[in-house]
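Asker: First, the structure itself, so that you have it in front of you.
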Amino acid sequence: MTLTAIACGSKKESPKEEAPKMLVLYYSQTGNTKVVAQEIANKLGADIEEITMIDPYDPDFQATIDRRKKDQEQGIIPSIHPVKADIANSPKRRAARLLTRRILPKNTF
């Protein structure tokens, strides 16, 4: 796996500022996304936290697809447990709120 980080800015020396702490939030039903999220967090030196559903999907793939289709037809967005990280007071608060609302896109399946 290759991860690339790109920074843009001027070449002027600026006073050293502490970089904002990053957080990798992820949802993983099978564990594959967890492995990738851990790798990203390690490469970025970021904190990591798993998003967990209040009523998790069934481990059976077809049952998950059936439930997701039904939820989508009824406009149901799965509820998640509160995130432990303090994203409400972060400088990127607006982006964090948007992210937590869109954890599971409507067209996941």
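Each reported figure results from applying straightforward, stated rules to the coordinates on display, with no laboratory input. The shown structure was predicted, so the numbers you read here are calculated from the model rather than taken from an experiment. Here the Cβ positions follow ideal geometry from the backbone for every residue, glycine too, while neighbour counts run over all protein chains shown.
Asker: So what is the orientation-averaged projected area of the stretch 42-91, using the convex hull of its C-alpha atoms, in nm²?
Answerer: 5.5
Asker: Ok, one more. Quick one: net charge of Ile48's neighbours, Cβ under 14 Å, K/R +1, D/E -1?
Answerer: Here the charged neighbours net out to 0.
Asker: Report the label-to-label distance for Asp55 and Gln38 in nanometres (one decimal), using points 7 Å from each Cα along the Cα→Cβ vector.
Answerer: Those two pseudo-labels are separated by 3.1 nm.
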